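Each remark here refers to the structure printed beneath this line.
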Amino acid sequence: MKNEVKAAEIAMELGLYLKVVTSIKSFENFNSFFNIYTDCDEPCRRVVILTKDNLIEEVYDENPSEPISKDKLIDGNLWLDEYPLTKNPNAIEKENISVDRELVISLFT
């Protein structure tokens, strides 16, 4: 049985940050005028994460069409929930998101 706690509480306890970030999909785009491929970043969705990095604003999203599997560690950040880009980040109620306490402790300590 999981030991669910509020993500905001465990973040404060362990010195982590609970943040809403924008996921970015990097892809190549062919420019026929210059006959080159260019890299572009396209915003995909908003993601709530637990992280050690207070300055993080974006995360790279390999598969933005796939739903986030809750409690997945990607690039050192624990992905918790997702929202569409149209959702105002200030309207996301981070304080209501729960997480498995033992999982967070095992990943960040």
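Each reported figure results from applying straightforward, stated rules to the coordinates on display, with no laboratory input. These numbers were taken from a predicted model, which means no experiment stands behind them. Methodologically, a virtual Cβ is constructed for each residue, glycine included, from the backbone with ideal geometry; neighbour enumeration extends over all protein chains shown.
If a residue must be under 12 Å from LEU18 (Cβ atoms) and either free of Cβ contacts under 8 Å to residues at least 40 places away in the same chain or in contact with a helix residue (DSSP H, G or I) (Cβ under 9 Å, 6 or more places away or on another chain) (or both), how many such residues does the range 80-95 contain? Steps first, answer last, please.
Kept after step one, since they are under 12 Å from LEU18 (Cβ atoms), are these residues of the range 80-95: 80-81, 92-95.
Filter again for either free of Cβ contacts under 8 Å to residues at least 40 places away in the same chain or in contact with a helix residue (DSSP H, G or I) (Cβ under 9 Å, 6 or more places away or on another chain) (or both), leaving 80-81, 93-95.
Total meeting the criteria: 5.
Out of all the residues in the range 59-109, which are aromatic (Phe, Trp, Tyr) and either out of contact with any Pro (no Cβ under 9 Å at 6 or more places or on another chain) or closer than 19 Å to MET12 by Cβ (or both)?
Going through the range 59-109, the residues aromatic (Phe, Trp, Tyr) turn out to be 60, 79, 83, 108.
Of everything in the range 59-109, those that are aromatic (Phe, Trp, Tyr) and either out of contact with any Pro (no Cβ under 9 Å at 6 or more places or on another chain) or closer than 19 Å to MET12 by Cβ (or both) turn out to be TYR60, TRP79, PHE108.
Could you count how many residues in the range 53-66 are loosely packed, with under 13 Cβ neighbours inside 10 Å and either within 22 Å of GLU95 (Cβ to Cβ) or acidic (Asp, Glu) (or both)?
Final tally of qualifying residues: 6.
Given (1) hydrophobic (A, V, I, L, M, F, W, C); (2) closer than 14 Å to LYS19 by Cα; (3) touching a helix residue (DSSP H, G or I) at 6+ places or on another chain (Cβ under 7 Å), where does PHE108 come up short, assuming only one miss?
(2)
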